[in-house]
Each structure stands twice: as structure tokens, then as C-alpha cells.
Amino acid sequence: MTFTRNIRVLAAMAALLTPVTLFGTTAQAETAAPLGKPQVEQIVREYLLNNPEILLEVQDALEKKQREEQKLAQQTVMKDRQEQLFNSPYDGVVGNPDAAITVVEFFDYNCGYCKRAMTDMQALVEENDDVRFVLKEFPILSAQSREAHVVSMAVHAIAPEKYADFHQKLLGAETRADGELAMKIATETGIDEAALRKEMENPEIQKVFAETYDLANQLAVTGTPAYVIGDEVVFGALGKDVLAEKIDQARTQSN
């Protein structure tokens, strides 16, 4: 909220309170000349200059309200698009596929934070039989990212049993991910290149990307990694301990 808007809001409030504040009683106000808008705004301005902390309180209240509204909107999306979010046949799964707790991760193969967060995911699924990660292919950083994700989508389509190994190697690569590197890793994993290139031409891949972008937009996901855990969207690579805490909260909600 801008300073000008704060002034206007408080000026309106002051105008409503003017009869009592400035003249003591409503009866007195009826016989006095009303204050004009410039006078009221001057009074509010002087008050704010003497008490600037009020603007911080207003800003905090606004941000809290916006966060609450955003969370409600996100929860509506989670409910309305539940199958696409948690059970899409196009998404890779790491961990127990029948796990009761699902963590959805939006990731980009060239996201440095995603690379560092991969070990958190691996540790969490190893330590928790009731947790699975659903991986949303979300190439947003470059054209090279999109090339790599096209290969990844094709790998999942024709060799889902090899996807987790492929994903770990590509996301863990020290060099920049692109179509060439993704293809190299896929073939080294034992996937037929000709079959893979044929699947890469499947128009369904681009359709799924578009659907994922739309879903991310509705969830206010603008960067990677971002997670959906329980009824909450969590932004950033916050570390294993934070994710574990969110997973425990999701368990409590499901019980």
C-alpha cells in the first residue's frame, strides 16, 4: 500500500470521526462549520508524521490479509485440480508410489536450488515410507531447460522404471542441462535413442507443459523449487528439516 493510499484511508476515517474528535460532541458539531477535505488530510498528515509506525502496522495488516487470501485461493485450486496436481500420469514419482503423503515439487533442471534440494528429497523418501515426491516438470529458466525437460518427459513416457535414475543424474550434473546432455544421460541409462526421439515429438508433451504453467500460475508459483505439501504451497529450497516439519503437519491433517 502506498503512502498516498494510506493517507486517503486514514483521512476517510478521520472525516467520519471529525464531529467528535474536533468539537467534543455531536451537538456542537452541528453548529460548527465542517472541515474540508484539505484540512482533514492535513490533520492526518501531521498525525502520521508524528506517528509513522502506524504505516508499518497498516502495511503488516495488509500483507497478512493478502497472505490469507492467497492461501485460500491456493487451497481452492488444490481441491479443484487435485488429480492433475497429485496424480498426473505424466509426472515422475520418487519414493513409495502408494505413500499416504504426497509432496509435489515444481522444478527446473537448471535450477541451482533444485540441485541442492535433491538430497533433501532423497533423504526424506529413504527415511519415510509414507512419503512420495511427485515431480512437476517446470522449465522456466531457459530454452535449454525446456530441451532437457522434453527429453525427461519422453523418458518417463517410455521407460518410467528408469526415470528416477535419469532424473537424479541429470539434476545432479555439474554442467548446464540441455537436450544433448539429457539425451546422453538417457541413452547411458539404457533407453533406446530412436524410441526416445520419436516420443519427444509427441504433442502431448507440450500440452502438459502448458497445463503445468497454468497450474503454477494459479498456485502463485513463479520460481523453483516450489512444493505443495498438505494444504500449503511452500516456496524455495528451505532444507530437509523444514520440509520434514511440513510433512509432519500434513500427516496430522490427514489423521
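The values are calculated or read from the model by the stated rules, or taken from the named source; none is laboratory data. What you are looking at is a predicted structure, and each value in this text was computed from that prediction instead of being measured. We place every Cβ from the backbone using ideal geometry, glycine too, and count neighbours over all the protein chains shown. Keep in mind that these areas ignore ligands, DNA and RNA; they rest on the heavy atoms of the full protein, side chains included. Shrake-Rupley method; radii C 1.70, N 1.55, O 1.52, S 1.80 Å.
Here are the numbers for this structure:
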{"read-out": "Residue match in region 238-254 (condition: under 20 Å from Leu141 (Cβ atoms) and modelled with pLDDT under 95)", "value": "yes"}
{"read-out": "Out of Leu135, Leu141, Leu124, sole residue that is within 28 Å of Ala194 (Cβ to Cβ) and modelled with pLDDT of 95 or more", "value": "Leu135"}
{"read-out": "Long-range neighbours under 7 Å by Cβ, at least six apart or interchain, first residue open to solvent by 10 Å² or more (accessible area, probe 1.4 Å) within region 145-159, second assigned to a helix (DSSP H, G or I) and of a type in the set (Phe, Trp, Tyr)", "value": "His156/Tyr163"}
{"read-out": "In region 68-87, the residues that are under 21 Å from Ala157 (Cα atoms) and either of a type in the set (Val, Ile, Thr) or buried (at least 19 other Cβ atoms within 10 Å of the Cβ) (or both)", "value": "Leu85"}
{"read-out": "Residue that is touching a strand residue (DSSP E or B) at 6+ places or on another chain (Cβ under 9 Å) and among the small types (Gly, Ala, Ser), where the choices are Gly95, Gly112", "value": "Gly95"}
{"read-out": "Any chance Leu238 is assigned to a helix (DSSP H, G or I) and either under 24 Å from the mean Cα position of the chain (by Cα) or among the hydrophobic types (A, V, I, L, M, F, W, C) (or both)", "value": "no"}
{"read-out": "Lone unmet requirement of (1) in contact (Cβ under 8 Å) with a residue 24 or more places away in the chain; (2) over 30 Å from Gln70 (Cα atoms); (3) not charged (D, E, K, R) for Thr175", "value": "(1)"}
{"read-out": "Wholly within region 129-227, helices (runs of 4 or more DSSP H) carrying at least 1 residues that are charged (D, E, K, R) and under 30 Å from Asp248 (Cα atoms)", "value": "160-171, 203-218"}
{"read-out": "Per-region count, region 214-255, residues under 18 Å from His156 (Cβ atoms) and open to solvent by 70 Å² or more (accessible area, probe 1.4 Å)", "value": "0"}
{"read-out": "Where a residue in region 51-64 is touching a residue at least 40 places away in the same chain (Cβ under 8 Å) and its partner, wherever it lies, is part of a loop (DSSP other than H, G, I, E, B) and not basic (Lys, Arg), with Cβ under 7 Å and at least six apart", "value": "Val58/Met1; Gln59/Met1; Leu62/Met1"}
{"read-out": "Residue in region 45-66 that is modelled with the lowest pLDDT, counting only those that are within 28 Å of Leu219 (Cα to Cα) and exposed (fewer than 12 other Cβ atoms within 10 Å of the Cβ)", "value": "Gln66"}
{"read-out": "Enumeration of residues in region 23-44 that are at pLDDT 75 or above and open to solvent by 70 Å² or more (accessible area, probe 1.4 Å)", "value": "Pro34, Lys37, Pro38, Gln39, Gln42, Ile43"}
{"read-out": "Verdict on Ala195 being at positive phi, touching a helix residue (DSSP H, G or I) at 6+ places or on another chain (Cβ under 8 Å) and open to solvent by less than 50 Å² (accessible area, probe 1.4 Å)", "value": "no"}
{"read-out": "Count of residues meeting criterion [in contact with a helix residue (DSSP H, G or I) (Cβ under 6 Å, 6 or more places away or on another chain), farther than 17 Å from Gln168 by Cβ and not hydrophobic (A, V, I, L, M, F, W, C)] in region 123-153", "value": "2"}
{"read-out": "Which numbered condition Thr224 fails, given (1) in contact with a Lys or Arg (Cβ under 9 Å, 6 or more places away or on another chain); (2) β-branched (Val, Ile, Thr); (3) touching a residue at least 24 places away in the same chain (Cβ under 8 Å)", "value": "(1)"}
{"read-out": "Within region 181-191, considering residues that are surrounded by fewer than 19 Cβ atoms within 10 Å (Cβ to Cβ) and free of Cβ contacts under 8 Å to residues at least 24 places away in the same chain, the one nearest to Ile158 (Cα to Cα)", "value": "Thr187"}
{"read-out": "Residue selected from region 81-128 under the condition part of a helix (DSSP H, G or I) and of a type in the set (Ser, Thr, Tyr), by the criterion farthest from Gln249 (Cα to Cα)", "value": "Tyr113"}
